[in-house]
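Okay, structure first, notes after.
The values are calculated or read from the model by the stated rules, or taken from the named source; none is laboratory data. If you're wondering where the values come from, they're calculated on a predicted model, not measured in any experiment. Calculation scope for accessible area: heavy atoms of the full protein, side chains included, ligands and nucleic acids excluded. Shrake-Rupley method; radii C 1.70, N 1.55, O 1.52, S 1.80 Å.
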Amino acid sequence: MKQGNIGASALVAHPDTPVRAVSSVICVYEWFDPGEWRFNFLVTAPRKALKLPAPAAPARTDGLWRHTCFELFLRDPADGAYLEFNFSPSGQWAAYEFDGYRAGMRPLEMDAPLINPGGSEAEGFGLSALLRQPGLWRALPVRVGISAVIEEADGTTSYWALAHPPGKPDFHHADSFALELKPQQ
């Protein structure tokens with residue numbers, strides 16, 4: 001795999017959702033071209049304090065956001081159309097296309113991403129997701145939203161994102177697309 005453009009961002013917890021065991025959620029991202037992306041998430045918390053889905057066959061599955069799940073959103077700044085990807089620690093995944101804010105949702109036809117859970121009790125929980133799909137995205141620039149739903153062993157659920165709009169957690173809101181990736185000069 002060729003060397004890509006690398007960045008890292010810390011996610012922030014939504015102010016209205018409780019956080020007990022988790023001290024941080026970080027995403028290191030690398031994009032190689034419009035169809036090849038890698039995202040590495042790290043949740044800093046004792047692993048036993050997290051409620052993680054059991055391993056499952058790597059299959060497209062809806063509703064992953066109801067439990068611990070890592071999400072990626074790519075939005076076209078010109079027309080507002082966007083893609084949503086869900087990566088579960090179970091190995092399951094989902095991908096959708098939208099015409100605009102929560103409008104025109106349909107499954108995105110693509111190959112399965114490669115999802116690898118990892119980390120350690122000392123570091124916390126990690127998850128790597130690799131997307132390799134020619135034509136996945138039109139081209140840079142792109143507005144990016146990176147988010148996570150973290151379920152703790154005691155039932156506490158927190159919502160993490162680059163930025164949150166006012167009100168309840170909403171990863172689809174334009175304010176959540178807080179990162180802009182541009183072509184290299």
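Counting only protein heavy atoms and a 1.4 Å probe, tell me what percentage of the stretch 1-115's accessible area is made up of carbon and sulfur.
On the way: 3010 of 5480 Å².
Answer for the stretch 1-115 is 55 percent, counting heavy atoms of protein chains only.
State the percentage of accessible surface on the stretch 116-185 attributable to carbon and sulfur atoms; use a 1.4 Å probe and exclude ligands, DNA and RNA. It would help to have the intermediate numbers written out before the result.
Working: 1600 of 3190 Å².
Ligands and nucleic acids excluded, carbon and sulfur give 50 percent.
Quote the convex hull volume per residue of the chain, based on C-alpha atoms, as a whole number of Å³.
117
Output the relative contact order of the chain, whole-number percent, from Cα pairs under 8 angstrom with separation of 6+ residues. Can you show the working numbers first?
Working: 467 pairs, mean separation 46.8, N = 185.
Relative contact order, the chain: 25 percent.
Per residue, what accessible area does the chain have, given a 1.4 Å probe and all protein chains present, in Å²? Display every interim value, and only then the final one.
Values: 8680 Å² over 185 residues.
Ligands and nucleic acids excluded, the figure is 47 Å² per residue.
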